[in-house]
1. Identify which of Gly72, Gly310, Gly269 has the largest mean-square fluctuation in a Gaussian network model of the chain, with springs joining Cα atoms closer than 10 Å.
2. Once both axes come from the Cα atoms, what is the angle between helix 354-374 and the longest principal axis of the chain, in degrees from 0 to 90, rounded to 10?
3. With each pseudo-label sitting 7 Å past Cα toward Cβ, what's the Gln329-Glu150 distance in nm, one decimal?
4. Please calculate how many Å² of accessible area the range 307-350 carries per residue, with a 1.4 Å probe and no DNA, RNA or ligand atoms counted.
5. Write down the accessible area per residue of the range 208-260 in Å², having rolled a 1.4 Å probe over the full set of protein chains.
6. Multiplying the sequence separation of Lys117 and Glu295 by 0.36 nm and subtracting their Cα-Cα distance, what value in nm do you get?
7. Could you name the lysines whose alpha carbon sits less than 20 Å from that of Lys213, not counting residues in the same chain fewer than 8 places away?
8. Can I get the semi-axes of the range 285-375's equivalent ellipsoid? Compute them from the C-alpha gyration tensor as square roots of 5 times the eigenvalues, in angstrom, largest first.
Amino acid sequence: MHVQNLIVGCGFSGATLAHKIATELHEEVLIIDAKPHIAGHCYDDWQDGICVHRYGTHIFHTNLKHVWDFVGRFTQWYPYMHTVKAQIDGQEVPIPFNLNTIHQLFPSTMATLLTEKLISRFGFNVKVPILQLRAAEDKDLAFLADYIYEKVFLNYTLKQWGMKPEELDPVVTGRVPVYVSRDNRYFQDTYQGIPLNGYTAIVEKMLDHPLIKVQLNTSYQDVKNNISCDRLCYTGPIDEFFDYTLGALPYRSLAFDFVRFNRPYFQSGAVINYPNNYNWTRIGEYKYFLNTPSETTIVSYEYPQPFVQGQNDRYYPIVKAENTALYAQYAECATQLKNTFFLGRLGDYQYYDMDKAVARALDVFERIKNETSND
Ligand code: UDP
């Protein structure tokens, strides 16, 4: 069998590219996915009228206007600003750790002192990664840094990654910096929202085109010898593509326990983190995202796991120098291939959020378009 474009993976990356190739280049696309559904790890479905994200809570947030506008062509947005709380010392406190968190956890004179020191050292409305705050020399700031490190980051990161914060690239814990502000939101991006009909419906619309054929339950490994193509766009794991010739890229996986409760609410917000207690990291309660009224509620307990090939899914690339170096070698091999494009969390071995995956797919499309027009 021969196709013009073979796209491997039906997540946001693959679907964005499929849509652009079909609608702008007017070429046929076969998009395959090993899973029985589209939308990759953004897949959601409805239970008791509640939109449940089957691979954990997903909040769309971006500063990239072109990405927001592009995705907005396939959905209406429910205006939602994400907040997270963590159970620390018997209280539910705002995360990222900010000035409100300080005032909730410490006696008022101490909170005022710490707040003043933070503002005079870093300025107001400034984000300070915990590993940077730990370098502070002032003894009060050093006390605060140790407190936040111990209570928020250390045990959560040990559960999430099986490593201490300093064993990972600082960008990982830097995603949730200490915020010298009174802003309790998890993200400060200009554009934030939840798609009114869910993420799967977005991908369905992206793929709804006469030139796009979707084939599920189909892994690339099983069909690669039977399908030839003019162009291959691969969002699967880049190490698997090259038969692990340079070694396997490490990943972290997750397991979810979804529970339905016969009561209107289970917890006080969409996501509660448990850095120091239990062996789950966080519990998500889905009705908060679209503010769905219902007599029941659905939550997910999130349990990080080592990724084991053939047993569970890849969720997170493990961002640290040696893994990035191994990826760079695979990326070098990729440059030798003609008409083959790698993208997505697994294809690029990058800790992309949804918006960055879409942005990358749009960039790859521009490259493809330029190459096509230069032929
Ligand atoms: N993190 C933490 N405690 C928290 C929240 C986050 O230690 O309460 C650290 C942890 O290492 C985590 C990283 O910050 O993996 C990034 O968190 P984020 O919420 O961005 O993870 P994601 O939502 O992508 O799983």
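The values are calculated or read from the model by the stated rules, or taken from the named source; none is laboratory data. Keep in mind that this is a model prediction, so the values were computed, not measured. Don't worry about glycine lacking a Cβ; one is built from the backbone with ideal geometry, like all the others, and counts go over all protein chains shown. Areas reflect the complete protein model, heavy atoms only, side chains present, ligands, DNA and RNA absent. Shrake-Rupley method; radii C 1.70, N 1.55, O 1.52, S 1.80 Å.
1. Gly310
2. With rounding to tens, the tilt is 30 degrees.
3. Reported label-point gap for Gln329 and Glu150 is 4.1 nm.
4. Details: 2230 Å² over 44 residues.
Here the per-residue accessible area is 51 Å².
5. Working: 2670 Å² over 53 residues.
Per residue, the range 208-260 has 50 Å² of solvent-accessible surface.
6. Values: separation 178, 0.36 × 178 = 64.08 nm, distance 4.67 nm.
Once the chain is fully extended between Lys117 and Glu295, it gains 59.4 nm.
7. Lys20, Lys35, Lys205, Lys224
8. Working: eigenvalues 236, 93, 21 Å².
Listed largest to smallest, the semi-axes of the range 285-375 are 34, 22, 10 Å.
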